[in-house]
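The values are calculated or read from the model by the stated rules, or taken from the named source; none is laboratory data. Keep in mind that this is a model prediction, so the values were computed, not measured. Note: ideal-geometry Cβ built from the backbone for every residue, glycine included; neighbour counts use all protein chains shown. Surface areas here come from the heavy atoms of the whole protein model, side chains and all, with no ligands, DNA or RNA. Shrake-Rupley method; radii C 1.70, N 1.55, O 1.52, S 1.80 Å.
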Amino acid sequence: MAEGNGNSAPQKKVAVVTGGSRGIGRGCVVALAEAGFDIAFSYASNKSAADEVEKTVKVFGQDVLPVQADASNPLEAQMLIDKAFEKYGRIDVLVNNAGITRDTLLVRMKDDDWESVIDTNLGGMFYGTRGVAKIMMKQRSGSIVNISSISGIYGNAGQANYAASKAGMIGFTKAVAKELAARGVRVNAIAPGFITTDMTDDLPMEKLLEHIPLKRLGTPEDIAKTVLFLVTCGDYITGQVIQVDGGLVV
Ligand code: NAP
């Protein structure tokens with residue numbers, strides 16, 4: 001993945017992924033590295049998982065920068081962007097993926113269940129996007145992909161906090177897509193259905209199959225391929241939400 005810039009040598013493209021140590025984020029890191037991007041990714045605390053991802057990226061011959069940075073903390077979220085820009089001198093792609101669940105019924109939901117989910121999923125996306133916006137606007141190019149959820153479109157009992165955060169991500173995606181389009185920066189969202197990761201480990205995944213027309217659960221690679229499509233082939237796509245759910249909600 002190279003970009004001609006006149007007389008100087010072609011520059012490699014750079015992707016930043018939040019929550020890249022496991023699950024969907026890891027899938028995105030690997031797919032982007034395989035496609036030729038240098039990578040910076042964040043993780044919350046799982047250093048051994050981050051080390052494994054770092055090794056995998058190196059196998060593809062790309063440079064990689066793992067950063068322990070809490071997406072819900074504005075200073076740490078900005079630090080990830082600053083470190084990536086300092087190291088690579090450009091940022092072409094941001095995948096806002098870091099996310100958590102604290103599922104419980106509304107009447108039992110504690111303030112902390114609400115705040116931690118909103119601050120991580122919605123706040124993290126805001127801090128990351130604000131961090132790269134100036135860089136991408138100056139470059140006059142960039143692609144931002146926000147990992148939302150079908151829960152943010154259709155709602156889900158027991159997930160008022162999570163659904164609110166994921167719906168917020170969609171509104172944000174549309175607003176910022178309009179704001180940054182004139183500067184060549186595209187912003188899209190993906191709404192995954194049920195994807196096999198640690199997050200969904202204790203769901204009755206086999207039972208869910210009954211409701212999925214494609215008769216299989218999603219994989220991190222299914223989401224990563226969609227990210228790759230949006231960032232490498234989606235030149236005329238912005239402000240969109242793509243459902244990747246095996247036909248679960250049609
Ligand atoms: P996961 O397997 O639990 O992995 C979460 C990743 O995010 C890990 O790398 C984790 O780092 C990181 N992370 C968590 N909190 C963070 C924080 N505060 N700051 C920085 N990184 C943080 O989750 P997943 O299933 O891959 O989900 C990824 C995204 O997809 C989430 O936004 C989720 O809402 C969305 N999604 C998932 C599904 C699904 O079925 N799995 C469906 C729809 C949407 P550590 O390794 O250090 O803990």
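Restricting attention to region 136-169, the residues that are under 14 Å from Val244 (Cβ atoms), open to solvent by less than 20 Å² (accessible area, probe 1.4 Å), in contact (Cβ under 8 Å) with a residue 40 or more places away in the chain and in a helix (DSSP H, G or I) total 1.
No other residue among Ala31, Ala15 is of a type in the set (A, V, I, L, M, F, W, C) and outside any strand (DSSP E or B) apart from Ala31.
Here Asp113 clears all of (1) in contact (Cβ under 8 Å) with a residue 60 or more places away in the chain; (2) more than 11 Å from the ligand (Cβ to nearest atom); (3) open to solvent by 10 Å² or more (accessible area, probe 1.4 Å) except the condition numbered (1).
Listed here are the residues, each with its yes/no results for (1) within 8 Å of the ligand (Cβ to nearest atom); (2) open to solvent by 40 Å² or more (accessible area, probe 1.4 Å); (3) more than 19 Å from the chain's Cα centre (by Cα).
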residue: Arg183; (1), (2), (3): no, yes, yes
residue: Val187; (1), (2), (3): no, no, no
residue: Phe194; (1), (2), (3): yes, yes, no
residue: Thr200; (1), (2), (3): yes, no, no
residue: Ile223; (1), (2), (3): yes, no, no
residue: Ile237; (1), (2), (3): no, yes, no
residue: Val241; (1), (2), (3): no, yes, no
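Criterion applied to Arg130, Arg102 was being modelled with pLDDT of 95 or more and within 12 Å of the ligand (Cβ to nearest atom), and the one residue passing it is Arg102.
Screening Ala175 with (1) more than 26 Å from Asp111 (Cα to Cα); (2) touching a residue at least 24 places away in the same chain (Cβ under 8 Å); (3) surrounded by fewer than 18 Cβ atoms within 10 Å (Cβ to Cβ) gives one miss only, at (2).
Checked against the criteria, Val67 counts as closer than 18 Å to Ile135 by Cβ and under 18 Å from the mean Cα position of the chain (by Cα). Any residue at all in region 61-78 that's of a type in the set (S, T, N, Q), near the ligand (Cβ under 8 Å from one of its atoms), free of Cβ contacts under 8 Å to residues at least 24 places away in the same chain and touching a strand residue (DSSP E or B) at 6+ places or on another chain (Cβ under 9 Å)? Taking every residue of region 61-78 in turn, none turns out to be of a type in the set (S, T, N, Q), near the ligand (Cβ under 8 Å from one of its atoms), free of Cβ contacts under 8 Å to residues at least 24 places away in the same chain and touching a strand residue (DSSP E or B) at 6+ places or on another chain (Cβ under 9 Å).
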